[in-house]
Amino acid sequence: MTFIEKNKKIISIILLALIIYFRCDHGVTKGYAIACNLAVDILGFIFCLFLTKQDFNKTKKSIFNVAILWLVIFQAIVFIYGHFDLFSGNSNIYSMQYTILTILPAVLCYEILWHNSDDMIEILSIVGIIIIIATYITSMKTDHLWGDALEGRFFRLGKVPGGSDIDTGNLYLLMMIPILYSTIVLRKIKAYIAFAIIGGVGIVLTGSKSSALPLVLVIGIMLLGTAKSKKEAGKYIACLVGVGVIATIALMTVPILYRTLGYRIAEVFTAFADTSEYDLHTSTGQRLAIIDAFKKHFWETPIFGHGFYSFLGMSYSQLEEYHLESGEIAYRHVQTHMNYMELLFSFGIVGFVAYYWLPLKLVIDTIKSHSKEIKLICASFLISFVFMDLGLDMYYKYMTPYFTYLVIYTFLKREEL
């Protein structure tokens, strides 16, 4: 016990890194991944028991609060819809095992951070470094496109066994936020700048719009948060605009950058230029077609929704283009690829409110906070999820929303612990 007490911080860092890495990089569908996740979750649970023994009142406060109430209520709704196949849902998608191995890691990370509330920035920064480097290595070992890149054929890079390149880009961003705070606000440049750059390059390589744009906003939030006068804030804004212009020109003119991220930004403008017909050859065109179908059919049952992942089973969701072995183009069913629409379509307004009332409360509490650190960190996390939820349906498949909202709640409550 003495050893654990003396090394509480380093044990916390190791367990947090392992829990996040295995859940986000390897997922919970393959046999080896399930075993690894269970192993690190059990270790995390044992450590949480030790932390509880050290400070029972702190654990009690971590359990009996609005954040855990939100988690319980929303997961109960998902279970009822998914397990009992309410309305016309896809019960074959819902898995209690999958849910447990998604929610449990987030709760364990939350509990560990709750008991390390005074050192959260340092711990999350180090964990972020470990996750970013480990994800790079994992992707290089498993994504064959890295080999193509070495031969001069560049495509979007970053796929890992448990997620797509977009998932990797989003993970990089979430892990970078404490690192950017340590670099820009705390001025620990020597210790963190290299890892901030590595994470930023990783986001560009993934071609993820949902993480590239909020990355710029997060850097802007951090810089403006350090400004000591309106004049200095103006300088930072001018610098950001200048860097933004240069970055945009580079994305559109440098072939490597254009093939990874530039063309995805360009297709947004071309798709919105002509909305008379949706170009299903592009992801943006598909998204616009999905939005159109959603607008037409959501109002059929707006209060309680159509059922768990029901959009995927509708005839009008056959919108994603793919090629058959013969070379012919065919179309398959897709989900909405947007958290806002997926919640509304599946669970209606009731489910949408049940999920987003806590994030809304976190926004309000962040604005009310008098701590600059809390404002900058929490605002950065929250603005990032505005864009991530626009690009992915995250409420069921991902640990990161629950982890992030619980981390934000911990930051906001830190002064009371």
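For this structure, a couple of remarks:
- Residue in the range 319-329 that is over 24 Å from the mean Cα position of the chain (by Cα), farther than 20 Å from PHE79 by Cα, among the hydroxyl-bearing types (Ser, Thr, Tyr) and part of a helix (DSSP H, G or I) present: no
- Candidates ASP85, ASP118, filtered to the one that is acidic (Asp, Glu), in contact (Cβ under 8 Å) with a residue 40 or more places away in the chain and touching a helix residue (DSSP H, G or I) at 6+ places or on another chain (Cβ under 8 Å): ASP118
- Qualifying residue in the range 388-399 (condition: surrounded by fewer than 16 Cβ atoms within 10 Å (Cβ to Cβ), in contact (Cβ under 8 Å) with a residue 12 or more places away in the chain and not aromatic (Phe, Trp, Tyr)): no
- Subset of the range 98-132 (residues that are open to solvent by 60 Å² or more (accessible area, probe 1.4 Å) and within 21 Å of the chain's Cα centre (by Cα)): ILE100, LEU104, GLU122, ILE130
- From SER182, SER208, SER164, residue being among the hydroxyl-bearing types (Ser, Thr, Tyr) and open to solvent by 40 Å² or more (accessible area, probe 1.4 Å): SER164
To keep it simple, each residue is scored yes or no on (1) farther than 24 Å from ILE374 by Cα; (2) within 24 Å of the chain's Cα centre (by Cα).
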| residue | (1), (2) |
| --- | --- |
| ALA212 | no, yes |
| ILE221 | no, yes |
| THR226 | no, no |
| SER229 | no, no |
| ALA233 | no, no |
| GLY244 | yes, yes |
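- Matching residues in the range 18-35 - criterion: being open to solvent by less than 20 Å² (accessible area, probe 1.4 Å) and among the β-branched types (Val, Ile, Thr): ILE19, ILE20, VAL28
- Candidate set: the range 338-387, residues that are assigned to a helix (DSSP H, G or I) and hydroxyl-bearing (Ser, Thr, Tyr); chosen: the one surrounded by the most Cβ atoms within 10 Å (Cβ to Cβ): SER346
- Filtered by the rule that a residue be buried (at least 18 other Cβ atoms within 10 Å of the Cβ), not hydrophobic (A, V, I, L, M, F, W, C) and not in a helix (DSSP H, G or I), the range 133-161 gives ASP143, ARG156, GLY158, LYS159.
The values are calculated or read from the model by the stated rules, or taken from the named source; none is laboratory data. For clarity, every value in this text was computed on a predicted model and none was experimentally measured. Here the Cβ is made from the backbone with ideal geometry for all residues, glycine too, and neighbour counts use every protein chain on show. Accessible surface areas use protein heavy atoms only, side chains included; no ligands, DNA or RNA. Shrake-Rupley method; radii C 1.70, N 1.55, O 1.52, S 1.80 Å.
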